[in-house]
Each structure stands twice: as C-alpha cells, then as structure tokens.
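First the structure, in the form of structure tokens, and then the observations on it.
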Amino acid sequence: MNENNLDDLRHQWQALSTDNARLSEANRLLVAKLAAEKATTKQQKLKRQYLVFAILGFVLLPFLAYVGLYEMLHAPLWLCLLYAGGGFYIGVMDLWFVSLIGSADYISMPTCEAMAHASRMLLWQARLQALGIVACVIIVGPLLVYIYCLGKPDVMIGALVGLGVGLVFGILKYNSLRRMARSLLSDLES
C-alpha cells in the first residue's frame, strides 16, 4: 500500500465518522419529534374528552334539573338551581382545563418546556378531580336528603343506583384519562 492509498483511507474514515455523528443527531431529533407527535395525538384526545364533559355539564345537568327534579319530583327551586349550577361549574372548569391542555404545542416546544406543561396538566387534572368530588358532595347530598324525605322507596333506590353507576363510570373514565395524561408525559420524556 502506498502513502496516497493510506491517506485516502484516512479521509474516508473521517468522513464516515462525521456522517455517523450527523446521522446520530438527526436520528435523535427524529425520535424527539415522533415522541412529540405521539404526545400531541394524546393531547388532542384529552381535549376532546374534556370538551365533551364541559358540554354535558352545560347542557345535561341543567336539563335534568328542570325535567327530573323540577317537573317530575317537584323539588324546590333552590335545589334545582343548585343542581343546574353544579353543571355550569363543571362545564366552566372543564372548559378551562381544555384551554390549559391546548395551550402547548409539543412539536415546536423544547422538550423540557413540554414536559413541564404535561406535568402541570397532570397536577391540575388531579386538582379538578378533587374539586369535582367536593362539588358532587355539595350537590348530591341535599338531593339525596330531599329524595329520602319524599318517602318514595322506588325513587330513592333509583337515585342510589344512578349514583352507584355514575360513580363507577366516573372512576373508570377518570382513571382512563389519567393514564392517557401520564402516557403523554412519558412520551415526552422518552
């Protein structure tokens, strides 16, 4: 082997090392972008779910307050307004959470900022659950007392069954959304 061939081999080897470093960096950036896109998909799903909850809070609970409580059970107006107001409260809180979820663009954000946002979102998700439980006790407590005082066992059984089904559904749905939010954070961490 002559000196020229050896120099050519050295240059080719250095070029391969440079290309390898550039490919590694491009691969790292691609992996980060794919993780951010995966997290963004989960972010959109969370937004949609909480938007549905907000609409249900604004529409369904006031409707049930009027039709179920006021018209059918002849509940006092204050109890109907409390129930309907609870729906508005839930709707407002869920809309606020939707805006918090959507306030970040994970694809264009630096990873540490995206992770901080996702962590903050997880914290507020837990806080909203706690606020929802307090609101539920404030709203459902007087409602159950009123239904009990009606002296109609069938209505009380229906209310308790509805409460049980609602609790099971709510716990399962919350756990599902909590797992999705945690998965979003782990996607950003990878």
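The values are calculated or read from the model by the stated rules, or taken from the named source; none is laboratory data. Computed from a predicted structure; not experimentally measured. Ideal geometry is used to build each Cβ from the backbone, glycine not excepted, and the neighbour counts take in all protein chains shown.
Sort out which residues of segment 54-83 are more than 17 Å from Tyr148 (Cα to Cα) and either outside any helix (DSSP H, G or I) or of a type in the set (Val, Ile, Thr) (or both), and write them in order of number.
Ile55, Val59, Val67
Being among the small types (Gly, Ala, Ser), assigned to a helix (DSSP H, G or I) and more than 25 Å from Gly162 (Cα to Cα) narrows it down to one of Ala135, Ala118, so name that one. Please lay out each step first, then the result.
Values: Ala135 fails: more than 25 Å from Gly162 (Cα to Cα).
Just one listed residue meets the conditions, Ala118.
Would it be correct to say that Glu189 is loosely packed, with under 15 Cβ neighbours inside 10 Å and in contact (Cβ under 8 Å) with a residue 40 or more places away in the chain? First the steps, then the outcome.
Values: loosely packed, with under 15 Cβ neighbours inside 10 Å: yes; in contact (Cβ under 8 Å) with a residue 40 or more places away in the chain: yes.
Answer is yes for this residue.
I'm trying to understand the selection: among the residues of segment 28-47, which are over 11 Å from Asp187 (Cα atoms) and either at pLDDT below 75 or of a type in the set (A, V, I, L, M) (or both)?
Of everything in segment 28-47, those that are over 11 Å from Asp187 (Cα atoms) and either at pLDDT below 75 or of a type in the set (A, V, I, L, M) (or both) turn out to be Arg28, Leu29, Leu30, Leu46.
To keep it simple, each residue is scored yes or no on (1) β-branched (Val, Ile, Thr); (2) assigned to a helix (DSSP H, G or I); (3) within 12 Å of the chain's Cα centre (by Cα); (4) surrounded by 17 or more Cβ atoms within 10 Å (Cβ to Cβ).
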site	(1), (2), (3), (4)
Phe88	no, yes, no, no
Val92	yes, yes, no, no
Met109	no, no, no, no
Gln129	no, yes, yes, no
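Taking the conditions exactly as written (under 30 Å from Thr40 (Cα atoms), outside any helix (DSSP H, G or I) and free of Cβ contacts under 8 Å to residues at least 12 places away in the same chain), does Ser103 satisfy them or not? Don't jump to the end; show me each part of the working.
Details: under 30 Å from Thr40 (Cα atoms): yes; outside any helix (DSSP H, G or I): yes; free of Cβ contacts under 8 Å to residues at least 12 places away in the same chain: no.
The answer is no for Ser103.
Looking at (1) within 30 Å of Ala39 (Cβ to Cβ); (2) surrounded by 14 or more Cβ atoms within 10 Å (Cβ to Cβ); (3) touching a residue at least 60 places away in the same chain (Cβ under 8 Å), which is the one condition that is false for Leu143?
Condition not satisfied by Leu143: (1).
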